[in-house]
Each structure stands twice: as structure tokens, then as C-alpha cells.
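Q: Next up is a structure, given as C-alpha cells.
The values are calculated or read from the model by the stated rules, or taken from the named source; none is laboratory data. These numbers come from a predicted model, not from an experiment. Here the Cβ positions follow ideal geometry from the backbone for every residue, glycine too, while neighbour counts run over all protein chains shown.
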Number of protein chains: 2
Amino acid sequence: MRELCRLADEGEKTTTSSQELGKRLGISSAQIRKDLSRFGEFGKQGTGYHINYLINQLRQILHLTEEWPVVLIGAGYLGHALAHYHGFQHRGFRVVRVFDNDPVHIGKIMNGVKVQDVKELYKSVLADQIKIAILTVPTEAAQEITDILVEAGVTSILTYAPIQLKAPSFVNISYSDPVIQLQQMAYYLRPQSEQS
Amino acid sequence: MRELCRLADEGEKTTTSSQELGKRLGISSAQIRKDLSRFGEFGKQGTGYHINYLINQLRQILHLTEEWPVVLIGAGYLGHALAHYHGFQHRGFRVVRVFDNDPVHIGKIMNGVKVQDVKELYKSVLADQIKIAILTVPTEAAQEITDILVEAGVTSILTYAPIQLKAPSFVNISYSDPVIQLQQMAYYLRPQSEQS
């Protein structure tokens, strides 16, 4: 999906092939065709996929045609960066509420959204029926905030705190941890002599 | 690895099983045993794996026994958050240099490191033989900085800019994009009636 949007943004062509997508994604073209065929008939043999058509079809399948409201908890440096993240635009998500417990941050305007007191978190999320949250709070606050969010009806949480969160099984939790990504790359940093 | 460190931090037990690890990671216990057996004999049937022993062995295998110096480019909100990220501690990485092109940021101290002018990037990275970089620069600057980093010997780049970077095949690039993670979760947000 990201690669398709990049192809569309690059604007050099209107169609792509499973070979090209596979190469960009580091997986086989057969896998691409297999994955896409699960959802329907999108491409023609010899012609490939129309990029914009495929994007729109996948948006519908992935339920990204509407814009999902997102609540952001934690208005520190990372929260500020995320509230202003350009990548959300036209990609299905919008930060509609921001919360913090620090009087220094409460009342600030972040990308058009006023930072609210975290005491209002439960009431606001419930009233707005927000299902998606981004957590940029300190590690020690992450579980408490998660409990409030789940209670208020949130079922998808993206967290930047380096701690495993406990939540019911119907809640999806996604961890963003730079160290995990660095560790995966560090494997390749072994001296040449050690590599098999 | 992350799950193992969590288990160790939780401190409730000293051993774990492929079943427990698999459950925590959402993969089969057979896969865990297969993956670990590629690197050697770590566990005993019926006893399981000694958590701390397994962590130390994996650290050596993944080349995480030493602390890797990391260069951070971009001293804005996200860069500031990463420079102060507690998760790096004791996990094999340390931000040793920070660069920016904005006079507002240059000279600031971030977690003990002075922000340098990006004009010094090439010379510093080359001299320090830094192999790992984290990019938190604006989208339009990301490719130019990548070119400089690769020229200076960096072979692992973790980037937060929502743009695909071009680099030689021996360079590992890892993308951190909150939208991709949100999209994956949004799939599960479809109304119950639509779910198969």
C-alpha cells in the first residue's frame, strides 16, 4: 500500500506489475499476485495493475476510505512531532484530540488541536466514539492510560512507550520501538569474517 | 529478544518455554524452536530456556554485546524525543552525535550531546566510523542526507521521513511510519457485519 502510494506520488507511470511491487517490497511477485487475488481480480496478465485503481480498491478493503479520528495522549516532544506529522494527510487518519497531564502543555494548540487535561480523556473518547489511540506517554503512565482507553472503547493502540501493555484480546496493540528496528539491522553489521 | 528482556524485567521466573515465547509473539512454538536451533542448543526438553542465558547468547549472535554508536540527524521535536529515549539504555545503542542545519538547534545540548552543524556530518561520521544513523529530517532533506551518510560509510539507516530512500544494496534501510502501523490495525476496525 505504501509502495503503491509512492508509485502514484512519483507519477512516472500509471500501471505497475507484480514483479515491480515485489522487487520494491522484497517479496516474490508470486506472493504479490497471491495476496492480491485473495481480494479479487485487479490486474491483467501482460498489462499489470493500474496504480490508482488498485490504491482505491485496497483502501476500501482496508477500510481506509473514511478518515479515522485518532486520539493522541502525551504532548511532549514525540507527541508534538506526531501531531504535526505530514504523513497522516490523505492516508486515512487525523489526530482530532490531544491530551496531557502537564499544565505546561494543557491549552497549547498543536496543529489546530487544543491540548486537553488527561482527566477528560475517558469522557471525550467515549463521546466521540474514537477507536484509535497513539500513546506517547512516559513508560510508567502507559498502562494506566491504556486501561482508560480500553474502558472508553478504543480497540487499536499504537504505543511508543518501551513497555508491554496488557489489554483484552480484542484490542490491537502495535509497538513502535526504534531499538527493535536497529537491532534487526545490527545483525548485518557483524564483521565480514563472521558472516555465513 | 524484546519479549525475553520483558520476561527478565518482569522477574517472575528464570526459565521460559517455546510455548510461552510463541504465545507472547503470536507465532508457533515449533517456529520458535526451529529459529533458535539454527543458532545452537539453548534449551532442554521439559526444562525450557534459561531467560538470562538465552538473552546473552542472542546478544552475541545479534552482535549486541558491544554498544553501537549512532548518529542522529534532525534535532527537531522527534529528534529531541529520540535523543532522550530511555529505551536505548542497556540495549546496545547510544546516540553519540546529533546534527541539524538550523542555527536555532545547533549548539544545543541533547542528553549530553552537542548539536553540530550538518555541514560537519560527513567528516565526523567518517572519522568516528559510525555505521548506524537515525534520520528525523524533513522529507525533502532525507535523500540528500542519506547520500552523505552512505558516502561516509553508514550502512544502517532508520528513517522517520515518509519517503522511500535510494541507496546501494549493501545499505539497510528501516522505515518507521506510524501510518503503516495504524493501517494494519484499521483493517480490524471494519464493522462486525463485514468481517469474514
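Q: Looking at segment A:33-51, which of its residues are at pLDDT below 75 and polar (S, T, N, Q)? Talk me through it step by step, then tell me what you get.
A: Applying the first criterion (at pLDDT below 75) to segment A:33-51 yields A:38-47.
Answer for segment A:33-51, where residues must be at pLDDT below 75 and polar (S, T, N, Q): A:Q45, A:T47.
Q: Is it the case, given these coordinates, that A:I109 is out of contact with any Gly (no Cβ under 9 Å at 6 or more places or on another chain), among the β-branched types (V, I, T) and within 11 Å of chain B (Cβ to nearest Cβ)?
A: Numbers: out of contact with any Gly (no Cβ under 9 Å at 6 or more places or on another chain): yes; among the β-branched types (V, I, T): yes; within 11 Å of chain B (Cβ to nearest Cβ): no.
No.
Q: Any residue at all in segment A:182-189 that's among the polar types (S, T, N, Q), under 25 Å from A:W68 (Cα atoms) and either modelled with pLDDT of 90 or more or outside any strand (DSSP E or B) (or both)?
A: Residues of segment A:182-189 among the polar types (S, T, N, Q): A:183-184.
From the residues that got through so far, the ones that are under 25 Å from A:W68 (Cα atoms) too are none.
There is no residue in segment A:182-189 that is among the polar types (S, T, N, Q), under 25 Å from A:W68 (Cα atoms) and either modelled with pLDDT of 90 or more or outside any strand (DSSP E or B) (or both).
Q: Let me ask something else about it. Picking from A:V96, A:V70, which residue would you name as being in contact with a strand residue (DSSP E or B) (Cβ under 6 Å, 6 or more places away or on another chain), touching a residue at least 12 places away in the same chain (Cβ under 8 Å) and crowded, with 18+ Cβ neighbours inside 10 Å? If you could, list the steps in order and put the result at the bottom.
A: Numbers: A:V96 fails: crowded, with 18+ Cβ neighbours inside 10 Å.
So the residue among A:V96, A:V70 that is in contact with a strand residue (DSSP E or B) (Cβ under 6 Å, 6 or more places away or on another chain), touching a residue at least 12 places away in the same chain (Cβ under 8 Å) and crowded, with 18+ Cβ neighbours inside 10 Å is A:V70.
Q: Still on this structure, please answer the following. Can you find a residue in segment A:141-157 that is buried (at least 17 other Cβ atoms within 10 Å of the Cβ), more than 27 Å from B:I132 (Cβ to Cβ), within 14 Å of another protein chain (Cβ to nearest Cβ) and touching a Gly at 6+ places or on another chain (Cβ under 8 Å)?
A: Scanning segment A:141-157 turns up no residue that is buried (at least 17 other Cβ atoms within 10 Å of the Cβ), more than 27 Å from B:I132 (Cβ to Cβ), within 14 Å of another protein chain (Cβ to nearest Cβ) and touching a Gly at 6+ places or on another chain (Cβ under 8 Å).
Q: If you check A:I134, A:I130, which single one turns out to be more than 10 Å from chain B (Cβ to nearest Cβ), touching a Pro at 6+ places or on another chain (Cβ under 9 Å), buried (at least 16 other Cβ atoms within 10 Å of the Cβ) and under 17 Å from A:R94 (Cα atoms)? Quick ask: steps written out before the conclusion?
A: Numbers: A:I134 fails: more than 10 Å from chain B (Cβ to nearest Cβ).
So the residue among A:I134, A:I130 that is more than 10 Å from chain B (Cβ to nearest Cβ), touching a Pro at 6+ places or on another chain (Cβ under 9 Å), buried (at least 16 other Cβ atoms within 10 Å of the Cβ) and under 17 Å from A:R94 (Cα atoms) is A:I130.
Q: Return yes when A:I61 is under 24 Å from B:L189 (Cα atoms) and either more than 25 Å from the chain's Cα centre (by Cα) or modelled with pLDDT under 75 (or both) and no when it is not.
A: Values: under 24 Å from B:L189 (Cα atoms): yes; either more than 25 Å from the chain's Cα centre (by Cα) or modelled with pLDDT under 75 (or both): yes.
Spelling it out, A:I61 is indeed under 24 Å from B:L189 (Cα atoms) and either more than 25 Å from the chain's Cα centre (by Cα) or modelled with pLDDT under 75 (or both).
Q: Can you list the strands (runs of 3 or more DSSP E) lying wholly within segment B:69-172 that have 1 or more residues being basic (K, R), modelled with pLDDT of 95 or more and more than 18 Å from the chain's Cα centre (by Cα)? Explain how you work it out, then say what you get.
A: On the way: elements: B:93-100, B:113-117, B:132-135, B:156-159.
Where strands (runs of 3 or more DSSP E) fall fully within segment B:69-172 and carry at least 1 residues being basic (K, R), modelled with pLDDT of 95 or more and more than 18 Å from the chain's Cα centre (by Cα), they are B:113-117.
Q: Checking B:Y53 against (1) closer than 26 Å to A:A81 by Cα; (2) of a type in the set (F, W, Y); (3) more than 7 Å from chain A (Cβ to nearest Cβ), which test does it fail?
A: Of the numbered conditions (1) closer than 26 Å to A:A81 by Cα; (2) of a type in the set (F, W, Y); (3) more than 7 Å from chain A (Cβ to nearest Cβ), the odd one out for B:Y53 is (1).
Q: Hey, another quick one. If you go through segment B:107-127 one residue at a time, how many are of a type outside the set (S, T, N, Q), within 26 Å of A:H84 (Cα to Cα) and either without any contact (Cβ under 8 Å) to a residue 24 or more places away in the chain or buried (at least 20 other Cβ atoms within 10 Å of the Cβ) (or both)? Break it down stepwise before answering.
A: Let us first name the residues in segment B:107-127 that are of a type outside the set (S, T, N, Q), namely B:107-110, B:112-115, B:117-123, B:125-127.
Remaining after also requiring within 26 Å of A:H84 (Cα to Cα): B:107-110, B:113-115, B:117-118.
Subsequent filtering for residues that are either without any contact (Cβ under 8 Å) to a residue 24 or more places away in the chain or buried (at least 20 other Cβ atoms within 10 Å of the Cβ) (or both) retains B:107, B:109, B:114-115, B:117-118.
Summing the residues that are of a type outside the set (S, T, N, Q), within 26 Å of A:H84 (Cα to Cα) and either without any contact (Cβ under 8 Å) to a residue 24 or more places away in the chain or buried (at least 20 other Cβ atoms within 10 Å of the Cβ) (or both) in segment B:107-127 gives 6.
Q: Here is a follow-up. Could you grab the pairs with beta carbons closer than 9 Å, sequence gap of 6+ or different chains, first residue in segment A:155-172 and in contact (Cβ under 8 Å) with a residue 60 or more places away in the chain, second one polar (S, T, N, Q)?
A: From segment A:155-172, the pairs are A:Y160/A:T136; A:Y160/A:S176.
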